[in-house]
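Asks: What follows is a structure written as structure tokens; I'll ask about it next.
Where a number appears in this text, it was derived from the coordinates with a stated rule and is not lab data. Just so you know, these numbers come straight off a predicted model, no measurement behind them. When we count neighbours, we look across all protein chains shown, and the Cβ atoms used for this are built from the backbone with ideal geometry, even at glycine.
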Amino acid sequence: MEITPDATVMVVDDEADIRDASERILTRIGFQVLKASRGDEGLVLLEKEKASIVLLDLKMPGMDGLEVLKHIRVMDEKIQVIVITGYATVETAIEAMKRGAYDFISKPFEPDQLRIVVNRAWEKISLRREAEKLEEERRRTLSDLDTEKSRIHTILESFPSGVVVTNSRGQVVLMNPAFRQLLDLDPGLKTGDPIEDYVPDKKLCNLVTEISQGKHIDFDDIPDYEFSLSDEKYLMATGQPVLGERKECLGAVLNVVDITALKLLDQLKSEFVAKVSHELRSPLSTIHEQLALVIRDMVGENVAQDQHILSRAKEKTKGLIALIGDLLDLSRIEEGIICHEPQPVRIEDLLANIVDFLKTGARKKNQSISLGLPKEPLPELSADPIALESIFGNLITNAINYTQDGGKIQVEVDMAGINVRVKVKDNGFGISDKYLDKIFERFYRVKDEKTRYITGTGLGLPIVKGLIDSMGAFINVESAPGKGTEFTVLLPIKAKPPG
């Protein structure tokens, strides 16, 4: 038991020997000692100095011990009073204990007796203080929790997006007004029921239940989920697990936002691109064909010069027709109609046909193009062959266009785990790191002194990325200026169905 610096004992006794002996014994074990020879003197001293324990003689001239005890109890009932009594006053000591004294010690007493009874009183004080401290901490913790709960509740109430929290059984324990409004729920609807009673989309409910049960502890593998309540309202939900201190899953939190405006904007944009593209394609095709006829039938003195001018015009119209075709492809990808129903595809045969078709363009630049196949046959893919042709046709064409004359293009295919891996590598101009995150953006083209004269729409790679995403596949690019570029595509054996 630790004797703290504030451990003070007051000795109130009319015998100086008792006062002095008590002081010597108690100071040696760490107590501070105050002394008073009379009852009234002790009360005055107690008002000025704080004492935790009082050694009180019952028989003193003037105010006796019982009267002093009465006043001490009024002043501070936490003070532990130990009465000092002779053999003839044991009954009085018992009476004092009935009135609130902690213990008594008889005269004459041994040093050990005094130490034991005072230490026992101090232990009681220490235990009471510890209990009070724990109670204060408990009250403060409850207060903090209540304040934190109120703060969280206020934040959630003011959130513009919908928030719903479930427990580990998938039951809703909290939802904010925005969630009720987005899901068209009754404002007075109570929590406590399964998520299915609040959200009408079955697939989303299954996802929330899986997250709640701890099947998605890795935050990175949880996809965003889009769903609609009607043709006029589109929502996107993002879910995450709620983890405890030991990383155990306690439930799920779902954030829901209204993306109707974005969907409508995308729809308007797609409709505009499709309409403009269709309106332009027919007259441009006519102009292109007429230019071809004029160039073929031209005669006269300035034929060479005129043919050059008209050939450039023909080349530009061809580029515009290609741009329109790419724009229409992007519109179809966004509408989810570019990919047809999956069918069995032998990727080796498909790549061989593409490489064979594009070899003519490579030979014009004195480039070598090769296809590397594994020794063992690859499993058939279940995918849209037209989409695959568009993906690898674009990637290999890009490799030819962005590789210098005499360069080398390699196409390799093998297995990577459960996926078929296709690599398209070249030793061409390469791409700086700062541009790698932009090459899949629409109309973006890397232009420098080596590539500025290469014609293109800047839509080939966005088309590739759109098709790959729609199939549930994956694409990665690594490149270095002057060393070349390598695209890696991972294709699942069974692609996602269209839409």
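Asks: Given a Förster distance of 35 Å, report the FRET efficiency between residue 128 and residue 190 from their Cβ-Cβ distance, rounded to the nearest 0.05. Please report the intermediate quantities before stating the final value.
Replies: Details: r = 45 Å, r/R0 = 1.28.
Calculated transfer efficiency: 0.20.
Asks: Could you tell me the relative contact order of the stretch 159-258? Use alpha-carbon pairs under 8 Å, at least six residues apart, and round to a whole percent.
Replies: Values: 200 pairs, mean separation 31.8, N = 100.
It comes to 32 percent, rounded to a whole number.
Asks: Now a separate question. Output the pairs from 233/494; 202/438; 263/438 with a Cα-Cα distance over 28 Å in this structure; if there are none, say none.
Replies: Details: 233/494 32 Å; 202/438 36 Å; 263/438 23 Å.
Too far apart for the 28 Å limit: 233/494; 202/438.
Asks: Given contacts defined as C-alpha pairs under 8 Å and at least six residues apart, what's the relative contact order of the stretch 343-492, whole-number percent? Present the calculation step by step, with values, prior to reporting the outcome.
Replies: Details: 261 pairs, mean separation 36.3, N = 150.
Relative contact order here is 24 percent.
Asks: Same structure again: Using the number of other C-beta atoms within 10 angstrom as an exposure proxy, rank 222, 493 with the fewest first. List each step's numbers first, then the result.
Replies: Values: 222 18, 493 14.
With the fewest neighbours first, 222, 493 line up as 493, 222.
Asks: For the stretch 343-492, what is the Kirkwood hydrodynamic radius in Å, using each pair of distinct C-alpha atoms?
Replies: On the way: mean 1/r = 0.0639 Å⁻¹.
By the Kirkwood definition, the hydrodynamic radius is 15.6 Å.
Asks: Something else about it: Within 10 Å, count the other beta carbons around each residue, average over each peptide in 51-63, 359-371, and list them highest first. Please list the in-between numbers first.
Replies: Working: 51-63: 20.9, 359-371: 14.3.
Packing proxy ranking, top to bottom: 51-63, 359-371.
Asks: Also: What do you get when you divide the Cα radius of gyration of the stretch 1-147 by 2.2 N^0.38 Å, with N the number of residues?
Replies: Values: Rg = 16.6 Å, N = 147, 2.2 N^0.38 = 14.7 Å.
For the stretch 1-147, the normalised Cα radius of gyration is 1.13.
Asks: Provide the gained length on full extension for the span residue 233 to residue 440, in nm with one decimal, where the gain is 0.36 nm per separating residue minus the Cα-Cα distance. Could the numbers behind the result be given before it?
Replies: Details: separation 207, 0.36 × 207 = 74.52 nm, distance 2.93 nm.
Gain in length upon complete extension: 71.6 nm.
Asks: In which sequence would 212, 382 go, from the one with the fewest C-beta neighbours within 10 Å to the one with the most? Kindly include the intermediate steps, with their values, before the conclusion.
Replies: Values: 212 26, 382 16.
Listing 212, 382 from fewest to most nearby Cβ atoms yields 382, 212.
Asks: Ok, one more. With viscosity set to 0.692 mPa s at 37 °C, what whole-number translational diffusion coefficient in µm²/s follows for the stretch 159-258 from Stokes-Einstein and a Kirkwood radius over Cα pairs?
Replies: Values: Rh = 13.4 Å.
The Stokes-Einstein estimate is 244 µm²/s.
Asks: Return 471, 175 ranked ascending by Cβ neighbour count within 10 Å, so the fewest neighbours appear first. Let's see the in-between values first.
Replies: Working: 471 24, 175 21.
Fewest-to-most Cβ neighbours within 10 Å comes out as 175, 471.
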